[in-house]
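Here's the structure we're looking at; comments come further down.
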Amino acid sequence: MDALWVRCVFLLACCCASGLGSANKCDEVRKVFQLRQIGPSHLLPSNPRPGSDLQVCVSKNSTCCTKKMEERYQVAARRDIQNLLQTSSSSLKFLIARNVAAFQESFEALLWQAENYTITLFQDLYHSMADQAAGPVRELFTDISLFLLGSEFSVDELVQRFFDALFPLVYDHLISPSLSGISPGHAECVRSLSRSVRPFGGVPGHLADQIARSGVSGKLLLQALHLGIEVINTTDHLQLSRECRRALLKMHYCPHCQGLTQSKPCMGYCINVMRGCLASMAEIDIHWREFVRSLEGLSARMHGPQDLEQVLLGIHRLVHDAVRHAQKNGPRLSAQVYKLCGSPSRKPAQSVSIQHSSSRESIPLKASVRAPGGSLANRRKDFLSSLRLYLTYYGGLADQLCASDLASNDALSCWNGTEIVKSYTLRVVGNGIKAQIANPEVKVKGADPVINQIIDKLKHINQLLQGKSIPKLGSLDQIETGSGDAEGRYSGDCDDEDGCAGSGAGEVKRKVSRVSKLSPDVTGNHKHHHHYHHPPAKDSEVKGSSRSFRLTGAIWVLVLPCLHVLLAL
């Protein structure tokens, strides 16, 4: 009997020791809490406690969380999602920003090259007036550059201003040449006649039309890409609703309160939460798809008169045509100038070299220097080919985040918002605002007004890209291509409604894994069943819980006979 008594006491001691081990599950919570730098360790209780003061992570069992911990967890959950959003969009934003810079660099290189061609034209064919023509040529290309950058210039006016300045030079050196140049006063009179006598025929109007057509297409492309970056910056720093923040806390960190620090949410549960939180963002999908296709349409139309590269590099040929037209009509122009300006008064004699050109094909030019990276057409083609991979980015974002980073891949167990289960059995809703009426995890009140504004901008730019409305030059805001300071305004915010005022100081970003780039066939239109099954287990704490459960059961099998013996005594 004594031996049996000793054996029973030993088994009871083992049970007590096992119970203490279970009580110390808060040690793992403390370790993770400190490792992720969620908050100071003194916020954690040393042992599980009742959680009656908790607002979200409510449990019938004892908990390792306090109200202050819950507040810190909510800040961390929101910050984690914002970091994931920014990481998931980083490759898309870099793609657009890099090409904005590349297109602008190409424009500058083309302008420099076109200006060089035109100056070379005068140096090689009209040497006597080359020095005087250099100023108007540079002014012309400066005006074109400003126009492409968004200045609301009249293209007709800037082109005509160039030919107004060119006429006195052509008249003095080619139409009515002498050993001495005309006086400034007579030159000004000749200049003033340029628009009435039309010495260059239809060339100025033709050139202005080509610059306007190709220039509007080029600047519209840049404006659209700037807007694309604005869309991404806006969604990167989406202001999450209170209901979403509470759902994220429940999904990410409430398991920690039960000591389940390694658990992950069930796939269906995660999709419901993320589709609820990103419901407004999903509304961008149809307009983003149209945006990408509209850019492709614009690019396809940018050829011939709308090909900026072809137009800029052909300016010198049109200038040559204009000068030859004036030469052919020299007698008529001389008579009109004499009639309206009188006999030309000359400056002191100087040596003049007169050169003529016989045909446009004989224009000698310096070696062509192509824009870095090849033609603009090739740049656009490569860019749009890469951008097409992100056609479904906003429609599939919620699902992609769950599949890549957030949800469990464990076929045996996952977190459903309340406990560890084998599968999620509630209905999985679709994407968008309307579908969230049936969302069991997140209550969505309506569309985000900031998202609505960005959708309106997308609608407007899509109409411009498709040629359905006339663009007003400079009408779209030009924005920074960097991430801005929106993170400072949103990430880690906390309001009084959450009961977490003053609890966000000293927070450090948690390192998150990179979300893989979406492939063209990734969409949010998956067919989900009413419950989810998951791939093989990876959660060590779930396995530990199973082992602990089996051990406890075995101990009670041994202890119960002892209790019967003791009661019999």
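General observations
- Selection count, region 136-161, where residues are under 30 Å from residue 100 (Cα atoms) and in a helix (DSSP H, G or I): 18
- Exclusive hit being open to solvent by less than 50 Å² (accessible area, probe 1.4 Å), under 23 Å from residue 335 (Cβ atoms) and free of Cβ contacts under 8 Å to residues at least 24 places away in the same chain, set 184, 199, 204, 168: 168
- Qualifying residue in region 249-267 (condition: closer than 20 Å to residue 151 by Cα, touching a residue at least 12 places away in the same chain (Cβ under 8 Å) and either open to solvent by less than 20 Å² (accessible area, probe 1.4 Å) or in contact with a helix residue (DSSP H, G or I) (Cβ under 9 Å, 6 or more places away or on another chain) (or both)): no
- Boolean, residue 125 is aliphatic (A, V, I, L, M), surrounded by fewer than 23 Cβ atoms within 10 Å (Cβ to Cβ) and out of contact with any Gly (no Cβ under 8 Å at 6 or more places or on another chain): yes
- Here the helices (runs of 4 or more DSSP H) wholly within region 213-327 that include at least 2 residues being of a type in the set (Val, Ile, Thr) and more than 30 Å from residue 55 (Cα to Cα) are 285-301.
- Test for residue 446: is it of a type outside the set (A, V, I, L, M, F, W, C), outside any helix (DSSP H, G or I), free of Cβ contacts under 8 Å to residues at least 40 places away in the same chain and within 23 Å of residue 239 (Cα to Cα): yes
- Selection within region 187-196 - open to solvent by less than 30 Å² (accessible area, probe 1.4 Å) and in a helix (DSSP H, G or I): 187, 190, 194
- Any hit, region 162-175, residues being part of a helix (DSSP H, G or I), among the β-branched types (Val, Ile, Thr) and farther than 30 Å from residue 77 by Cα: yes
- Hey, residue 486 among the hydrophobic types (A, V, I, L, M, F, W, C), modelled with pLDDT under 50 and open to solvent by less than 30 Å² (accessible area, probe 1.4 Å) or not: yes
- Any hit, region 106-122, residues being among the hydrophobic types (A, V, I, L, M, F, W, C), farther than 30 Å from residue 171 by Cα and touching a Gly at 6+ places or on another chain (Cβ under 6 Å): no
- The residue list 355, 336 contains one member that is in a helix (DSSP H, G or I), open to solvent by less than 70 Å² (accessible area, probe 1.4 Å), at pLDDT below 90 and not basic (Lys, Arg), which is 336.
The values are calculated or read from the model by the stated rules, or taken from the named source; none is laboratory data. Values in this document were obtained by computation on a predicted structure and should not be read as measured data. All Cβ positions, even for glycine, are placed from backbone atoms using ideal geometry, and neighbour counts span all protein chains on display. Heads up: the accessible areas ignore ligands, DNA and RNA and are worked out on the full protein's heavy atoms, side chains in. Shrake-Rupley method; radii C 1.70, N 1.55, O 1.52, S 1.80 Å.
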